[in-house]
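The values are calculated or read from the model by the stated rules, or taken from the named source; none is laboratory data. Just so we're clear, the structure is a prediction, and the values are computed from it rather than from any experiment. For neighbour counting, all protein chains shown are included, and Cβ atoms are generated from backbone atoms with ideal geometry for every residue, glycine included.
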Amino acid sequence: YDYRTEWMRFTATLAPDGEDEAERNLHRRVAKALAELTGSPAALLLLPDALGGFRAADHWCWPGGAEEESVLPLRSAFPLQERQHIVDLDAERRGGDGADDGLALPAWLLADTRAWVVVPVLHFRRMIAVVVLHRPSVPRALDWEDLDVLRIAGRQAASYLAEAQSQQALSEARRFDEFNRRFAFIMHDIKNLASQLSLLARNAERHADNPAFRADMVGTLKISAGRLADLLQRLSPRERGRAAEAALTLIEPILSAVAEESRSRRRIFPSVQTGLAAWADAGAVRQVVQHLVANAIDASAPGTPVQLIAAAENGRVRIDVIDQGTGMTRAFIRDELFKPFVSTKEGGFGLGAFEALGLARAMGGTIDVASEPGQGSSFTLWLSLADAQAEDPFAPIRKVANR
């Protein structure tokens with residue numbers, strides 16, 4: 001072997017350098033790279049299956065392709081991993097001193113005379129693949145140098161396969177994380193709805209005979225039903241991948257709708273600059289303001305006012321939610337407020353402020369907080385200012401935030 005030449009060719013085969021699907025297929029590249037080292041014209045790659053054995057998953061130029069019956073059962077795979085031996089199938093077929101009776105190789109592998117060598121692909125003593133090399137066109141016996149080269153090359157190929165498996169596992173973990181995050185946000189919103197309906201039920205016991213209360217109750221139930229419908233829509237497969245879409249969004253209708261939703265808990269009278277509009281996603285803005293208003297009401301004593309004010313300032317839209325509640329320390333605001341699962345409320349999920357900040361940043365905005373213990377809090381949502389003729393000036397910011 002010219003080790004320098006062979007190693008450069010081997011690593012070049014493992015590393016994809018084109019857009020062709022065959023070149024991007026790592027399993028096929030591994031089979032090809034190991035076959036080319038010994039002049040083998042084809043190779044079969046077996047990967048772990050659910051039963052602990054190995055099943056043919058791909059091939060390089062193997063006549064007839066990878067067949068379903070090409071399986072290395074657990075009783076064969078385990079000793080192959082433990083002994084870490086490269087198996088000369090001709091020696092196994094002949095029997096005698098060159099054979100290893102403890103391997104228990106399957107009948108199909110011994111019967112197929114095209115199969116020449118079995119190479120276990122080991123990653124830190126764990127076998128993550130098995131490669132079966134095709135007999136070369138010019139018959140020859142394996143020697144110690146062949147075995148050393150295949151053993152070293154197998155370990156190098158194993159690192160590529162292990163990295164690919166890690167990337168796949170990481171991708172699946174991220175999908176689970178996204179699912180858990182989405183579920184946690186949904187639970188947070190359901191908790192708020194449950195609190196609202198529970199308060200409504202308690203008040204109904206005392207004021208059911210009051211026509212005005214009954215009218216408010218019907219309105220609150222309609223709003224709650226609408227919010228539940230929104231939650232179901234957010235859970236639908238069509239909506240899961242939908243990113244927030246910025247458009248010219250009038251602020252006054254959103255704040256008025258949030259105030260109406262909160263009427264059963266607190267009377268809020270929004271103060272909004274006439275014609276104020278932002279470049280934002282209307283649903284996301286409403287969701288952020290809902291979180292901030294709900295938190296302000298929770299932090300305030302019954303009967304104390306909650307203010308909702310919106311105006312243009314320094315080329316931005318400023319929406320303030322101000323309460324006279326318990327307030328927060330500067331250390332809590334700096335270190336804890338916007339972290340998930342951190343809450344000052346008993347039974348709280350600690351997701352409202354975290355989700356609100358994430359939604360604001362996805363629209364190119366942010367949230368500021370001013371608060372002192374015992375003096376209440378002021379949450380300010382900043383968004384891009386818009387007018388009827390403007391184009392979205394903060395699209396690049398939102399594009400980066402959505403990454």
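Here are some notes:
- The set of residues in segment 279-304 that are in contact (Cβ under 8 Å) with a residue 24 or more places away in the chain and either over 24 Å from G226 (Cα atoms) or not assigned by TED's automatic domain parsing to the domain that holds F379 (or both) comprises W279, A299, S300, A301.
- Filtered by the rule that a residue be out of contact with any Leu (no Cβ under 8 Å at 6 or more places or on another chain) and either in contact (Cβ under 8 Å) with a residue 60 or more places away in the chain or at negative phi (or both), segment 107-133 gives A107, W108, A111, D112, T113, R114, L122, R126.
- Those residues of segment 87-130 which are under 21 Å from A35 (Cβ atoms), touching an Asp or Glu at 6+ places or on another chain (Cβ under 8 Å) and of a type in the set (A, V, I, L, M), in sequence order: V87, L105, L110, V117
- All helices (runs of 4 or more DSSP H) inside segment 324-403 with 3 or more residues being surrounded by 12 or more Cβ atoms within 10 Å (Cβ to Cβ) and either at pLDDT below 85 or touching a strand residue (DSSP E or B) at 6+ places or on another chain (Cβ under 7 Å) (or both): 352-362, 395-402
- Against the criterion of being outside any helix (DSSP H, G or I), surrounded by 17 or more Cβ atoms within 10 Å (Cβ to Cβ) and of a type in the set (A, V, I, L, M, F, W, C), I297 does not qualify.
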